[in-house]
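Written below as structure tokens is the structure these notes are about.
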Amino acid sequence: ANSAPAGGSAAAQAASVGVVISAAGPPQGANSAPAGGSAAAQAASVGAAAPDTVLRALKRLYNLGIYPEWWKLEPMSPAQWQAIDALIAERDPHCRGVVLLGLNASAEAMAAGFRDAQGSSTCRGFAVGRTIFQEPCGRWLAGAIGDDELKRQVRAVFEALIGAWRGVRGGARAA
């Protein structure tokens, strides 16, 4: 009774085609809030006008018959994660899970997001390219650092994120 309709993730899985949908709030700067604070507070300043905005967006997509294998969502509060977990369990048993979207957040903000998602049964990892690359690449493109330093800085941020993820997930590997 809870299976995805035709064209949903069951069909995508049968065809060995993965679908990832990224659901983020309005563009950065749409609502401004002071730097620092929890990942949920920072995400709220970036996106959601209301705490249930992402939940409502996922419900709407499910109502339209869109059933991705993976969701890519911005950091949320533990209560929001509970609601997302319940929605996915109810509406999409074929969904493989959620990865955290970085939205160019700092490594510290992402670590806070990992902690907020700690109790989630659907959050499986993170996808945070700009968090890892943007600052070091900007310095490299400006000629402020060389190739070896770029690689060192990118590696350091990535390893810090892996450590933060494993710290809250008990050694679990990121997706």
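The values are calculated or read from the model by the stated rules, or taken from the named source; none is laboratory data. Computed from a prediction, not measured in an experiment: that's the story for all the values here. The accessibility values were calculated without ligands, DNA or RNA, using every heavy atom of the protein model including side chains. Shrake-Rupley method; radii C 1.70, N 1.55, O 1.52, S 1.80 Å.
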Carbon and sulfur atoms account, in whole percent of the 1.4 Å probe accessible area of the stretch 51-175, for 54
Apply the Karplus parameterisation 6.51 cos²θ - 1.76 cosθ + 1.60, with θ equal to phi minus 60°, to every residue of the stretch 146-156 and state each ³J(HN,Hα) to the nearest whole Hz, in sequence, with x for glycine and proline. x, 4, 5, 5, 4, 4, 4, 5, 4, 4, 4
In terms of modelled amide H atoms, which long-range or inter-chain residues lie less than 5 Å from the amide H of residue 72? 21, 22, 23, 99
Between rounded, prolate and oblate, where does the stretch 97-175 land on the alpha carbon gyration tensor, with a ≥ b ≥ c its root eigenvalues, rounded for a/c under 1.5, else prolate if a/b exceeds b/c? prolate
Once phi is turned into θ = phi - 60°, what whole-Hz ³J(HN,Hα) does the Karplus curve with 6.51, -1.76 and 1.60 give for every residue of the stretch 76-91, x standing for Gly and Pro? 9, 6, x, 5, 5, 4, 4, 5, 5, 4, 5, 4, 5, 4, 6, 9
Given H placed 1.01 Å from N in the peptide plane, which residues other than close sequence neighbours of residue 126 have an amide H under 5 Å from its amide H? 100, 175
